[in-house]
Amino acid sequence: GFSPTTTLFFSGIGTLLFLIITQNKLPSYLGSSFAFLAPIAAAKAGGNMSVALGGVVAVGVILAVVGLLVRQFGAGWIDTLLPPVVTGTIVMVIGLNLAGAAKGNFSKEPVVAIVTLGAIALIAALSKGFLSRISIFLGIAVGYIYAVVRGGVHFDAVKSAKWFALPDFTSPTFSGSAIVLFLPVVLVLIAENVGHVKAVATMTGKNLDDAMGDALLADGVATTIAGLGGGSGTTTYAENIGVMAATRVYSTAAYWIAGIGAILLG
């Protein structure tokens, strides 16, 4: 139910804020986090989109506070409170919750789904290096082209849309019962951000522990702003790790361009 253009717009804003707050030390793009999908669906079932946005804002504020604490006291306490067995289980549960959505989409267009899934498997198995790392993206492109050829994609909305327009903004409302549903998401975002920082440090050979607090703070601020305007919560995209590992390009300039591009597209 979220507006794709609004979410894209705020992911671009969030990316630029992330780069500013981390002082250009961490290359990353802040995209919409899958961790929010289950609580958003639950919150919408009991209210409306604005109630779900209130949960997104709450997560952002809590994550920003965690970032400030890490800035002050370091990140060692996070490793103690959230060992891999805990964070891994949380991420696994989120994946299992998303399985229903995948099954529903598969049932609607089984032939397109099989073509897409087959393309991903073949590209991953037969290609090497960079192509292998973007097999999911290439598989989606193959499935999309197949859907267009068989008449399953309609462009009427594209033809009638304006070339330039502002995204649809929505204000949040706050409900205690809805916010409780979102609290586990904080743990996921902490795990994702910490993992991202550690992965970048491993690839670049730099000690980035001092940037951990800034990364959490930046993601918290970006998520808060997104929730205030109608966008989904953000997170450091792990997909970027694969891209950087394949290209050996760690320049934050690439992410400045990506963020500005997302804002313009939104």
Connecting C-alpha atoms closer than 10 Å in a GNM of the chain, tell me which of Ala42, Ala99, Ala254 has the biggest fluctuation.
Ala99
So what's the net charge close to Leu68: Lys and Arg +1, Asp and Glu -1, counting the other residues with Cβ under 13 Å from its Cβ?
-1
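So how much slack lies between Thr173 and Gln72, counting 0.36 nm per residue of separation and subtracting their Cα-Cα distance, in nm?
Numbers: separation 101, 0.36 × 101 = 36.36 nm, distance 3.14 nm.
Working it through step by step, the gained length comes to 33.2 nm.
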Sorted by mean Cβ packing within 10 Å, highest first, what order do the peptides 45-51, 58-64 take?
58-64, 45-51
Let me check I've understood the local charge: for Arg248, count other residues with C-beta under 15 angstrom from its C-beta, Lys and Arg +1, Asp and Glu -1. What total comes out?
+2
In this structure, the FRET efficiency calculated for Lys103 and Leu265 from their beta-carbon separation, with R0 = 22 Å, to the nearest 0.05, is 0.15
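Tell me, what is the per residue accessible area of the chain in Å², probe radius 1.4 Å?
Using a 1.4 Å probe on heavy atoms only, each residue of the chain averages 53 Å².
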Of the listed values (1) 29, 24, 19; (2) 41, 27, 16; (3) 28, 21, 19, identify the label whose number matches semi-axes √(5λ) of the Cα gyration tensor in Å calculated from this model.
(1)
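What does the charge count around Ala113 come to, taking other residues whose C-beta lies under 15 Å from its C-beta (Lys +1, Arg +1, Asp -1, Glu -1)? Provide the component values of the computation, followed by the final result.
Details: positive: Lys103, Lys108, Arg150; negative: Glu109.
Once positives and negatives cancel, what remains is +2.
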Could you check which residue among Thr15, Thr204, Thr223 shows the biggest mean-square fluctuation in a GNM of the chain with a 10 Å Cα cutoff?
Thr204
For Ala254 and Ile140, what does the FRET efficiency come to when R0 = 30 Å and r is the distance between their Cβ atoms, rounded to the nearest 0.05?
0.90
Cleavage-rule hits (trypsin sites (Lys or Arg not before Pro)) in the range 127-163: DSSP loop, at most 15 neighbouring Cβ within 10 angstrom
Lys128, Arg150, Lys162
Across Ala121, Ala178, Ala161, the residue with the highest GNM fluctuation in the chain (Cα network, 10 Å cutoff) is Ala161
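Within 10 Å, count the other beta carbons around each residue, average over each peptide in 136-144, 192-200, 30-38, 71-79, and list them highest first.
Values: 136-144: 16.1, 192-200: 21.1, 30-38: 23.0, 71-79: 13.9.
Most protected by this proxy first, the peptides run 30-38, 192-200, 136-144, 71-79.
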Residues in the range 103-130 near a label at Val149, defined as backbone nitrogen under 13 Å from the 7 Å Cα→Cβ point?
112, 115-116, 119
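The values are calculated or read from the model by the stated rules, or taken from the named source; none is laboratory data. Model, not experiment: these values are computed from the prediction. Cβ atoms come from the backbone with ideal geometry, glycine included; neighbour counts cover every protein chain shown. The area values use the complete protein model at the heavy-atom level, side chains included, leaving out ligands, DNA and RNA. Shrake-Rupley method; radii C 1.70, N 1.55, O 1.52, S 1.80 Å.
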